[in-house]
Amino acid sequence: MTPTEIEQQAAEDAFLRGFHDIPDDANLQKMSYVQLAALLSSCESGSPRFLVVEAEKRRRDALPAEDKKIVLDESKNPDQPPQLVLTVKALWHDPVLSNVIAGGILSACALFFALWPFGKTIEPVQTVGTIQASTPPATLPQIFSPITLDTLKNLTYRIDKDEITLQDGNREFNPDSGQATPILEKAIFAHLVDHAFGDLDGDGNVDAVAVLQVSDGGSGIYYYLAPVFNDHGAPKVHGPAVVIGDRLEFRSVSIAEGKVKVQLLMHKSSDALCCPTLFRVLEFTVSGKALNCTTKPCSE
């Protein structure tokens with residue numbers, strides 16, 4: 001190819017990456033395995049973004065064993081001890097192999113912290129009649145396969161007193177018989193309208209929150225938030241979903257630092273039910289596997 005053709009090809013590639021919201025190769029290679037897992041989980045299966053991210057995962061899986069290593073990173077703050085940064089590659093597909101390797105890594109890290117002085121002399125601090133021992137190293141979290149969008153689309157949720165199992169993100173059924181029903185009969189409609197991925201409980205694994213839109217066949221259209229926890233690689237729903245309100249205008253949901261943030265339009269006292277105008281940002285923390293709202297009022 002000529003230099004001009006190479007330049008045109010690069011411009012086309014950059015345009016396609018921007019159009020499909022695909023990170024460039026440099027940013028993909030900088031991502032940790034947990035970040036890469038969360039990104040892959042948010043991609044629609046078979047989409048260009050999914051294929052590029054999956055290719056990067058496969059590239060890491062194919063790396064030789066010597067590239068799976070422990071890197072010692074000296075903290076920029078001289079008053080803080082060095083931090084152990086663990087880069088683990090190719091622990092994705094086989095859960096049995098990943099557990100065995102993770103157990104070996106934890107044992108090696110424990111021995112490493114016990115024996116390695118990090119270039120400093122470790123001495124007990126003598127006080128009056130007591131000895132202050134050094135703080136033992138924290139246990140590294142065990143990483144499991146992340147929750148995916150396909151999982152959320154086919155999961156069973158608790159909506160009030162009903163347990164509703166979605167099928168490809170939707171469900172319509174008769175509340176009395178549980179069977180599919182013609183649209184003219186009374187039915188419950190449930191749809192997965194949005195979702196977010198992130199660590200809800202601080203265990204280092206990718207959890208999720210699902211946003212569900214539910215109607216009982218009347219004029220009401222209710223929105224619910226359902227946290228979904230990563231239980232050793234399997235999705236786990238604890239308790240009923242949290243109702244937010246009727247006929248809201250939902251904008252977005254996100255997970256950051258263990259908190260769920262929701263942006264939406266709610267109703268002022270002067271608003272008609274069809275047309276909410278009050279912009280709100282709701283924030284939820286997680287306690288006991290349940291969402292707790294910290295920005296009341298959190299529902300209508």
Top-ranked residue in region 41-53 [being among the hydroxyl-bearing types (Ser, Thr, Tyr) and assigned to a loop (DSSP other than H, G, I, E, B); ranked as surrounded by the most Cβ atoms within 10 Å (Cβ to Cβ)]: Ser42
Sole exception among (1) in contact (Cβ under 8 Å) with a residue 12 or more places away in the chain; (2) over 24 Å from Lys161 (Cβ atoms) for Gln213, by number: (2)
Options Leu63, Leu72, Leu97: the member that is part of a loop (DSSP other than H, G, I, E, B), loosely packed, with under 15 Cβ neighbours inside 10 Å and modelled with pLDDT under 75: Leu63
Condition met for Asp201 (at negative phi and in contact with a Lys or Arg (Cβ under 9 Å, 6 or more places away or on another chain)): yes
Residues located in region 218-243, provided they are assigned to a loop (DSSP other than H, G, I, E, B), crowded, with 16+ Cβ neighbours inside 10 Å and free of Cβ contacts under 8 Å to residues at least 40 places away in the same chain: Ile221
Filter pass, Leu200 being assigned to a strand (DSSP E or B) and more than 20 Å from Gly169 (Cα to Cα): no
Options Ala26, Ala38, Ala10, Ala14; residue that is outside any loop (DSSP other than H, G, I, E, B), touching a Phe, Trp or Tyr at 6+ places or on another chain (Cβ under 6 Å) and of a type outside the set (D, E, K, R): Ala38
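Here is a yes/no grid of residues against (1) touching a Pro at 6+ places or on another chain (Cβ under 6 Å); (2) over 18 Å from Arg158 (Cα atoms); (3) not hydrophobic (A, V, I, L, M, F, W, C):
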position: Leu212; (1), (2), (3): no, no, no
position: Val253; (1), (2), (3): no, yes, no
position: Ala290; (1), (2), (3): no, no, no
position: Thr295; (1), (2), (3): no, yes, yes
Filtered residues of region 152-166 (kept if over 16 Å from Ala290 (Cα atoms) and not hydrophobic (A, V, I, L, M, F, W, C)): Lys153, Asn154, Thr156, Lys161, Asp162, Glu163, Thr165
Number of the condition not met by Asp168 [criteria: (1) under 23 Å from Ser32 (Cβ atoms); (2) modelled with pLDDT of 90 or more; (3) in contact with a helix residue (DSSP H, G or I) (Cβ under 7 Å, 6 or more places away or on another chain)]: (1)
Filter result (in a strand (DSSP E or B), over 18 Å from the mean Cα position of the chain (by Cα) and exposed (fewer than 13 other Cβ atoms within 10 Å of the Cβ)) within region 244-287: Phe279, Val281
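The values are calculated or read from the model by the stated rules, or taken from the named source; none is laboratory data. Predicted model only: the values in this text are computed from it and were never measured. Don't worry about glycine lacking a Cβ; one is built from the backbone with ideal geometry, like all the others, and counts go over all protein chains shown.
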